[in-house]
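Below is one structure, written out as structure tokens; the observations come after it.
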Amino acid sequence: MQRSGFFDAHLQGDEYDRTYLAEFFALYFGSLVGNGVFAGASTVLQVSAADGMTLSVASGLAWINGYIYQNTSGYSLTVPTASGLYPRKDRVVVQWKNAEREVALAYK
């Protein structure tokens, strides 16, 4: 199959002659921008300790498989209380959730 894009759609009667799905746009953007945090200031999506058991994530952009994530202001994540018995590793990630049609911060 051959595909090309992106061209203006023309109205043919009551319908347009072409439509594009987000998947096709993501394919295009994914070919230009690799996965990860979009470089800028050294604080882009920086995670830092906040009050109590919360973390703060600074503003910034990230890309995953051609889909964009944008945090326009500080975002807070609550950290669950640790078990006193087991060691732990905390991670904050930008997660692509295709079924939910979103890219979002997640605490792991």
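Residues being free of Cβ contacts under 8 Å to residues at least 24 places away in the same chain and either in contact with a Lys or Arg (Cβ under 7 Å, 6 or more places away or on another chain) or closer than 18 Å to residue 43 by Cβ (or both): count how many of those fall in the range 61-102.
7
Can you tell me how many residues within the range 77-108 are small (Gly, Ala, Ser) and within 16 Å of the chain's Cα centre (by Cα)?
Initial filter on the range 77-108 (small (Gly, Ala, Ser)): 82-84, 99, 104, 106.
Then keep just the ones that are within 16 Å of the chain's Cα centre (by Cα); that gives 99, 104, 106.
Count: 3.
For residue 16, are the conditions met, namely being at pLDDT 90 or above, among the hydroxyl-bearing types (Ser, Thr, Tyr) and touching a helix residue (DSSP H, G or I) at 6+ places or on another chain (Cβ under 8 Å)? Please lay out each step first, then the result.
Numbers: at pLDDT 90 or above: yes; among the hydroxyl-bearing types (Ser, Thr, Tyr): yes; touching a helix residue (DSSP H, G or I) at 6+ places or on another chain (Cβ under 8 Å): no.
Taking the combined requirement at face value, the residue does not satisfy it.
The values are calculated or read from the model by the stated rules, or taken from the named source; none is laboratory data. Predicted, not measured: the structure shown is a model, and the values here were computed from it. Note that each Cβ is placed from the backbone with ideal geometry, even for glycine, and that neighbours are counted across all protein chains shown.
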